[in-house]
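As structure tokens, the structure follows; a few thoughts come after it.
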Amino acid sequence: MRKTELTRFRKLLQEEKDRVTSSLAKHEKIIKHTDDQSGLETGKAHSNHMADQGSDEFQYETTIKTANTEGRYLYNIEEALVRIEDGSYGKCIECNKAIGIPRLKRLPYTRMCIECKEKDEAGTL
């Protein structure tokens, strides 16, 4: 991979890392009951009305699920940044062939080429 492409992917991944980190911080405030900005009753349901309590509980659980998904996404982004630094970025972890630039543009944190990923999903890898 050319140095200019690597620099572009590093910048893209770093920007995405910053965005996800900021989003996770907001979710953490809600989960830990410290959100003063939202105007919503934060954390577990504390409403006096049963319908409101159910809505609050649903929102709280949705926030936890979203934070969990974003946390896994952040982990993948950080792994990709490490691979850029150690020189293994853009190489499939299974076959060691170059991952196509179109795939990296779509999923810059990917660790497998499309062929190996298809085998992995089919359970034949």
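The values are calculated or read from the model by the stated rules, or taken from the named source; none is laboratory data. Here the structure is a predicted model, which means the values were calculated and not measured. In this analysis, Cβ positions are derived from the backbone assuming ideal geometry, glycine residues included, and neighbour counts consider all displayed protein chains.
Some observations on this one:
- For region 81-125, a tally of residues being basic (Lys, Arg) and touching a Leu at 6+ places or on another chain (Cβ under 8 Å) returns 1.
- Close contacts from region 56-69, counting a first residue that is free of Cβ contacts under 8 Å to residues at least 24 places away in the same chain and a second that is buried (at least 17 other Cβ atoms within 10 Å of the Cβ) and among the acidic types (Asp, Glu), with Cβ to Cβ under 8 Å and a gap of 6+ residues or different chains, come to ASP56/GLU41.
- Any hit, region 22-36, residues being among the hydroxyl-bearing types (Ser, Thr, Tyr) and modelled with pLDDT under 90: yes
- Scanning region 93-117 for residues that are touching a strand residue (DSSP E or B) at 6+ places or on another chain (Cβ under 8 Å) and surrounded by fewer than 19 Cβ atoms within 10 Å (Cβ to Cβ) turns up LYS97, ALA98.
- Members of region 14-26 found to be surrounded by 13 or more Cβ atoms within 10 Å (Cβ to Cβ), under 15 Å from ASN76 (Cα atoms) and not hydrophobic (A, V, I, L, M, F, W, C), listed by number: GLN14, GLU16, LYS17, ARG19, THR21
- Test result for LYS11, exposed (fewer than 12 other Cβ atoms within 10 Å of the Cβ) and either at pLDDT 95 or above or in contact with a Gly (Cβ under 7 Å, 6 or more places away or on another chain) (or both): yes
- Residue within region 73-93 that is among the hydrophobic types (A, V, I, L, M, F, W, C), outside any helix (DSSP H, G or I) and modelled with pLDDT of 90 or more present: yes
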